[in-house]
Amino acid sequence: MIKFASLLLIVIGLYGILSTRNVIKILVGINVMEIGINIFIIAIGFVNGGAAPILSVDNPGSLLKFVDPVAQALVLTSIVIGLGVTALGLVFARKIHKKHGTYDLSEIGGES
Amino acid sequence: MNLNLIIIITTAVALVAYLVSKVNDKAGAAMTVVGSLFALIAVFLLRDSIGTEITLLYFNFNLTVTGWYFALVMLMAYSMTAFFNPFWMKKLIYPAGYNFLYLLSMAGTLGVFFAKDFITLFVFWETVVWSSAFIIQMGKSRQAAYVYYVISAIGSMATLFAIMFAYGTTGTFVINDAFGGLAAYPGRAIVIFVTFIAAGMAKIGIFPFHVWLPFAHGSAPHTFSPVLSGGLVKMGAFVALLSVTAFPAYKIFGGMASFRGIPLPIYFMMALGAISIVVGTLMAIKQEDAKKLLAYSSVANGGYILIGLLMLDQVGFAGGLMHIVNHAVASAAAFLSIAAVAYRTGTTKMSEMGGMIHRMPITYVVYLIAIISMAGIPPMGGFVSKWLIFQGLADKGLLFIAATAFFGSIGSFLYVFRPLSAVFLGQTFTRDLNKKEVGVFMLFPMVVLTLLSLLTGIFPNIFLRVVTEIQTSLGVLPVTLAENTIVTNNGFLDAFKVFIVFGFGFAIAFVLFIARRKSRRVELMDTYTSAEFIHTRELLHYSHSFYAPFERLYEKAPDTMKLYHKAAVKISEIGNFAEAIFFGIKPARTVLLVMGTVLIGIIAGGVLS
Amino acid sequence: MNAMNFIYAFLMLVFVFIFQTSLTGFNRKVTARLQKRYGARWYQQFLDIFKAMRKDSTTHGWVFDFGVIMALGGIMATVIFIPVAGFRAFPGTDNVFVISYLLAVGMLGMAMSAAGSGNPWASIGVGRALTNMLAYDIPLMIVIFTMIFAFDSASVGELAKMQQGMGILGWNAFRMPLGGIVAVIALMGMLGKKPFDSFIAPAEIASGPMVEYGGKHLGFMFILHEFMTFIEVSLIINLFFGGGATIWEYMLKYAVLYTFTNIVSGVMPRFKIDQAVKYFYRVPLAMAIIQGIVVIFTGLGVTIWF
Amino acid sequence: MMFNPVLLIAIPLGLAFIAVIFKKIQKWILALGIIVNAVLVFFVEKGETAIGGFKIPFGISLVLDDFSAAGVILINILALAAIVIAFKKAEKFAPVILAGLAGMNGMILTGDLFNLFVFMEITAISAYILSSEGRKPAQSFNYLVIGSVGSVFYLLGLILLYNQTGTLNMVLMTEKTGFLEQTVLLLPVLLIFVGIAVEAKLLPMAGWVRGVLGNSNSYTGVMFASVYSSAALFVFGRIFSQVLVPGTTVGIVIITIALVTFAAGQASAFRSKSLRQVLLYSSIAQSGLAAALFATGFVFPAVLVVVNNAIGKLIMFSAAGSLEEKYGTDDYIGLGGAFNKNTLTGIAFTIAALSLTGLPLLFGFYAKLNVLAAYLNQGTFFVPAVVLLGTIVEGAYFIKILIKLWAPGKEGEWADADQSVGDKRIFSYTGTIAVILAAVLVVLSGLLPDTAGKLIAPEGGLLGDDGPAISLLIQKGGDQ
């Protein structure tokens, strides 16, 4: 269920990118997409009733009961990268505003 | 001296010429004379080593008598034209580059004629193409180099396709083996034949590839036009030759539908040659620029060569091979004489000159002999080769081709007479009254070429002996030669006797002429003008729109160049479309396109699987 | 090739000159009668030529002279190659291409000399003459080409001989009727007879190429014209009307054909030059091609068809 | 002495951080990093290297086979050349460039699909920043958005694959996807394709290219057109020729897209009037060709195309950017005779253009020959025909530019040096030497194609058995 919800988030993000001309809102759309994909990764790695993938005295049991640790590692990296890209995007947004006085791409006209 | 050394030395001389030209451009130009004469003599001496094979880097050469023959023609054009080079250095933007490329392209042609495998052929071919394109741009038109390159590229790429296709089919690049193995694949063979010959057709200037000749020949530096028309065009003839001999076109298409013994694919090519004769002739008739006129005449003569070569028989084929020499000599001489005139007057427009015969009589004679040969009038070489081609056509009964050949032949009287009349005869323009004949250094090559024209016309058998050797080496029945006579199925020609009888007639007329009272010399302006007083020389010279009544008949004929323009416009439109669709400032559209791609991919994948 | 050949050749030239010039004089009378005039005497043409040769002349430079000599020389050389009733001064040189192209040397010389005179009328005339040539020569050459293909020979003498001994229907003009018609029309063009005379066009372009000639130059031109007429008519006689078994037969046929062209010319108006081209490329060219196709693809006319 | 390939990533990455700290000397750090990498790249150990002590299928590994060796050598040498040509333009971006280089080396070397994603993002971020040099923030933003969406798609596809196979290691992935059905693979492979295609410049995904490359300078142009693009194409090759070899259905889709890219790129370049625009469209076209080859499995010809394009665009983009800086325009019609006083640069530019067109005696001919031979040996005639038609168009626009830049003068008059736009020098001395060296390399490798082929593929093949077939044939004149 959560998988589909996350996919829905990705679609919402895409819709956001497609439907707006506002730079900031586009960035928001990207972020929504990224959150969607992150949740999707987690959901893929999730095992119902599984424990944290740490071998300990409490939890020496069968491997099948673990939640996939790789997925979680991936998400961590992905979040960091998303953060970087968003920050850079905001810098560009600021520059656009400085140069053109607007955040709206359709008001910029042809910047070639 | 072997071929490798010749190629290496000429390339080295090219480099030296480049460096020398940086210091003194005339000295560098002199190097081109030395280099090309060296190559001419060295290749001439290669006669004894015909039949040997040799390798340089990854190039493989095979010394055939065919290659030897073509190479001599080419080097003759190069070396004779080279004598003009020193006088034109001032006009060139890159004298050093010109001298370098001049010799480099010459070395390149050698590689083409002696190539044993396709890679060698193609590499040297393209070297010639781009080095000459860079020379052409130094002339009067940038457009010319562009058109030249693009048309050449169309031909080259088609040929490359053929080469690779043949390689894919037979697994070898060696010309004879690769083509020889095609007999088992007649379907592929047609594609390969048509695409392979394309480069040759583009180079000879066969319709519809002829558009580059008037541009390039007409606008190239005056010292390069003779090479283009006399020499480089013949490279195309070489490829056409390969496509009927190495390819064994007659053998491979032997089983196909044929027209009077000519298999249809070959007949189609001959028909293109015939169209070129007509188009070249008609266009030449209406040109106003002497060099453009000669360029179109090259188109027409290229048609003769192609038709002759494609016949691959005893007589017509010999005519085609012989015409290569004759046209090279005649057209180089004609271009050189126009260049000599341009050297003095600074123009090649026919309506801007007149009466140059009184200032440059030797140049006039050179041009006269050249056009007599070009129009195929005895006693010059051009007649012999055209005679052979006519005899070959008559033997086979190729009516339509022959009709165009006659048209081109008679039509050539019209167009070759035009520069004669407009540039050399008629009233001398006031501006040109103090002009002088060009110097000995420039007259020398012109006179040599003129003598060659006479030699081929009076003793054609000297050249035809080599032609018979070529025919024998290609497995064709050689043309029959008696002592002075050429014998064909339906007639024979004794060129020497024709010359003697002509001399006899001329002698009688001459005696008759001087026996009568000497006539009084009057000024050129002293002519019958219906009692009007005209003092302006320029107004008493009829040169513009010489054949106006005839030109009117086909002034609405479509221009082939438009076809290429249209293609270019279409490509630009596709480009515009792609740019408008794919590139923009807003990311939304691209994202949408990306999603669309995935979607279409999924649908296509679903449909396909 | 020995001295006798040259003597024969010279004698032939003399004969041709006398014969053709007389015939021209005779035809001047015929034309006059057509026009309800009395006309000059039959030897008037000789008088004209000799008078011109005796007069003073002016020249416009060396090419003006050289062109005249080259023209007459070339034309006389061509005459020598023409077989007359089986007679050839130089055996084995009567190839039809040689004859028709050697003729061009003479024409080129004439054109050169005319254009060298510096008179624009002359250049206009030359331009028209060349255009006219482009018009009539193509249909004729196609027919001749067909003939060479059919009989496997390009020798004018042999082609003439092949038609003899089969009666009048053996002539190529009847074996290849369309070709025969084309040949006669082309002959009109070659001779510059009306309706194809716009390159001389008396009273229109001040007599065309000849405008600057006088004195011996004009005399040369007259002689040249006679020789040229002989070549052209002879070519048609030999190729289409069976030549002649004897010289008398030949002369008779020749006189009839030549007079015929003159009579036709006498009642014709004049084509403009582009009209002439259009005409030749419509009717005679089509006929020539049809004739060619018939002969090459069916063999009709090669084997006699009755 | 052989070094661990991880140094190729670690050194520039480390220096990047150092450069951030020591801003004063960052340009020397940049020079040091690039040079060290360019030298080091010849002395790295072949084979698989595990990172972080994990055994190979479990941890991240670096793979240095002939393919990736060719890739990293090319990238690092190009990066060095780009710096040499326009050091002034590069020095203020020192950390970005170093990080980007680390990212690219990582992209090519890594044997792990997720790790590839990380390196691609590092590279992409450095590219976004470099693109801001064009002072067109909206274009940079456009690039950033498309890039981000592309990477999200890549990640999605990757996760779907991971879900199916349970691995991220490329070798294992190859094995496991072999058991899966084509229909199952369709979506993830397409998503991954789209993600990589953004950087590899295949057409619907390359909407950012005109804005970014069209405003590049003598440094960034080279970086985008030749360095980044080569790295992306090597990744494309690795994935689609080896890891996720597309089946017929996906293959047809990908190859069609690639060929459309090729055709549209050539057509757009043909119509463009600005030098950089011509070049960027030509780059797109070349990418399309390389991608088509990779997707068909012709790795060696594809690598030749990539190398040829990279060297050619190195020379041409730097010259174009420099011309724009010197004359304020890169409209080639307004630059008539610019090579008049820059003969050496002009010759290098000419050689590069002719090589891209595939003229003989130059490296490009060898590449083209291999491309054609690969297809025709296989019995495909359509693609060679498209390639050759494209070549005609390509030749047309390049010769137009060359003629314009070499021979100024009005139509109908002789070419005249006095008509040229000016005599400003295009490059500094070092820059001229660099482009001349690159041109000499093109000529030499064209004259000795067999040696060049051996350098690129020492074992006679890359990622399989598609060895340099033509190379050997040339040597023997086809006597086989």
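The values are calculated or read from the model by the stated rules, or taken from the named source; none is laboratory data. For clarity, every value in this text was computed on a predicted model and none was experimentally measured. Reconstructed Cβ throughout: ideal geometry from the backbone, glycine too, with neighbour counts over all protein chains shown. Accessible surface is based on the protein model in full, side chains and every heavy atom, while ligands, DNA and RNA are left aside. Shrake-Rupley method; radii C 1.70, N 1.55, O 1.52, S 1.80 Å.
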Review point. Under a straight-distance cross-link criterion of Cα-Cα below 23 Å, which lysines are reachable from C:Lys29, leaving out those fewer than 8 residues away in the same chain?
Key: C:Lys51, C:Lys193, C:Lys194, C:Lys253
Practice item. Within the range B:343-369, which residues have the backbone N less than 19 Å from the label spot 7 Å out from B:Leu451 along Cα→beta-carbon, could you tell me? Key: B:362-369
Check your understanding: What accessible surface, in Å², does a 1.4 Å probe find on B:Ile8, ignoring ligands, DNA and RNA and rounding to the nearest 10?
Key -> 90
**Study point:** Whichever aspartates and glutamates have a C-alpha closer than 15 Å to that of D:Lys27, once near sequence neighbours (fewer than 8 apart) are set aside
**Key:** D:Glu91
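What is the range B:560-608 by shape, rounded, prolate or oblate, if you read a ≥ b ≥ c off the alpha carbon gyration tensor as root eigenvalues and call it rounded for a/c under 1.5, prolate for a/b larger than b/c, and oblate otherwise? Walk me through the numbers on the way to the answer.
Details: a/c = 8.84, a/b = 1.76, b/c = 5.03.
Oblate is the answer for the range B:560-608, as a/c is 1.5 or above yet b/c matches or exceeds a/b.
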Study note, to complete from the structure: Mean other chain Cβ within 10 Å across B:129-139 is 4
**Study point:** Over chain B: helical MRE at 222 nm, DSSP H runs n ≥ 4 each giving -39500 (n - 2.57), nearest 500
**Key:** -22500 deg cm²/dmol
Exercise for review: Pull out a ≥ b ≥ c, the square roots of the eigenvalues of the alpha-carbon gyration tensor of the range D:215-280, then state rounded if a/c is under 1.5, prolate if not and a/b is larger than b/c, and oblate in the remaining case.
Suggested key: oblate
Review point. Taking the Cα centre of each part, how many Å lie between the range C:172-199 and the range C:227-244?
Key: 12
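If you put +1 on each Lys and Arg Cβ and -1 on each Asp and Glu Cβ, how big is the dipole of the range C:3-298 around its Cα centre, in Debye rounded to 20?
Working: 21 positive and 14 negative charges, 195 e Å.
It comes to approximately 940 debye.
Treating only the Cβ of Lys, Arg, Asp and Glu as charged (+1, +1, -1, -1), what charge dipole size does the range D:6-476 show about its Cα centre? Round to the nearest 20 debye.
Numbers: 28 positive and 25 negative charges, 211 e Å.
Roughly 1020 debye, rounded to the nearest 20.
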Check your understanding: For the peptides A:36-48, B:525-537, what is the packing order when you average, over each peptide's residues, the other Cβ atoms within 10 Å and list the highest mean first?
Key -> A:36-48, B:525-537
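Evaluate peptide C:103-112: per residue, the Cβ atoms of other protein chains within 10 Å of its Cβ; return the mean as an integer.
Values: counts 1, 10, 9, 4, 3, 9, 2, 0, 5, 8.
Going residue by residue through C:103-112 and averaging, the value is 5.
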Point to revise | C-alpha long axis of helix D:113-131 to longest principal axis of chain D, angle in ° | key: 20
Practice item. Within 10 Å of each Cβ in peptide B:568-574, how many partner chain Cβ atoms are there on average? Round it to a whole number, please. Key: 5
Review point. Considering only B:Ser276, B:Ser156, B:Met235, whose Cα is most displaced toward the positive end of the charge dipole of the protein assembly as shown, charges sitting on Cβ of Lys, Arg (+1) and Asp, Glu (-1)?
Key: B:Ser276
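Quick one, can you get me the convex hull of the C-alpha atoms of the protein assembly as shown expressed as volume per residue in Å³? Don't skip to the answer; put the middle values down first.
Values: hull volume 293.0 nm³, N = 1507.
Convex hull of Cα atoms, per residue: 194 Å³.
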Check your understanding: If packing is taken as the mean number of other Cβ atoms within 10 Å per residue, what is the order of B:393-401, B:216-224, highest first?
Key -> B:216-224, B:393-401
**Study point:** Charged-residue dipole, Cβ positions (Lys, Arg, Asp, Glu), the range C:124-251 about Cα centre, Debye nearest 20
**Key:** 120
Review point. Which of D:Phe87, D:Phe365, D:Ile159 sits farthest toward the positive end of the charge dipole of chain D, with +1 on the Cβ of Lys and Arg and -1 on the Cβ of Asp and Glu?
Key: D:Phe87
Check your understanding: Which of the helices in chain C, when you take each full DSSP H run, stretch at least 24 Å along the axis at their Cα atoms and have an average Kyte-Doolittle score of -0.5 or higher?
Key -> C:3-34, C:62-81, C:96-116, C:120-151, C:215-240, C:247-266, C:273-298
**Study point:** the range B:554-586 versus the range D:255-293: alpha-carbon centroid distance in Å
**Key:** 17
Practice item. Check cross-link reach from D:Lys46 to the lysines: straight Cα distance under 26 Å, and skip same-chain residues fewer than eight apart. Key: D:Lys55, D:Lys176, D:Lys454
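Compute the FRET efficiency between D:Gln378 and D:Glu181 as 1/(1 + (r/R0)^6), taking r as their Cβ-Cβ distance and R0 = 30 Å, and round to the nearest 0.05.
Calculated value: 0.75.
Taking a 1.4 Å probe, which of D:Glu91, C:Glu158, B:Glu551 shows the most accessible area, and what order do the others take after it? If you can, show how the numbers build up before the last one.
Numbers: D:Glu91 50, C:Glu158 90, B:Glu551 25 Å².
Accessible-area ranking of D:Glu91, C:Glu158, B:Glu551, largest first: C:Glu158, D:Glu91, B:Glu551.
Return the subset of D:Lys136/D:Lys368; B:Lys291/B:Lys435; A:Lys99/D:Lys400 for which the Cα-Cα distance in this structure is over 27 Å, preserving the input order.
Values: D:Lys136/D:Lys368 36 Å; B:Lys291/B:Lys435 21 Å; A:Lys99/D:Lys400 36 Å.
Going by Cα-Cα distance, D:Lys136/D:Lys368; A:Lys99/D:Lys400 fall outside the 27 Å limit.
Can you show me the helix-derived [θ] at 222 nm for chain D, built from DSSP H runs with n ≥ 4 at -39,500 (n - 2.57) apiece and divided by the number of residues, rounded to the nearest 500.
Values: 20 runs with 327 residues, N = 480.
So the calculated ellipticity at 222 nm is -22500 deg cm²/dmol.
Can you give the calculated 222 nm mean residue ellipticity of chain C, where each DSSP H run of n ≥ 4 adds -39,500 (n - 2.57) and the sum is split over every residue, rounded to the nearest 500 deg cm²/dmol? Before the final figure, lay out the partial values.
On the way: 11 runs with 215 residues, N = 306.
Helix-only estimate at 222 nm: -24000 deg cm²/dmol.
Starting from the residue with the highest accessible area, list D:Asp416, D:Asp66 in decreasing order, probe 1.4 Å. Display every interim value, and only then the final one.
Values: D:Asp416 55, D:Asp66 25 Å².
Greatest to least solvent exposure: D:Asp416, D:Asp66.
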**Study point:** For the range C:50-122 and the range B:193-215, distance of Cα centres in Å
**Key:** 39
**Study point:** Among D:Met104, D:Leu168, D:Ala295 the positive-end extreme of the charge dipole of chain D (Cβ point charges)
**Key:** D:Met104
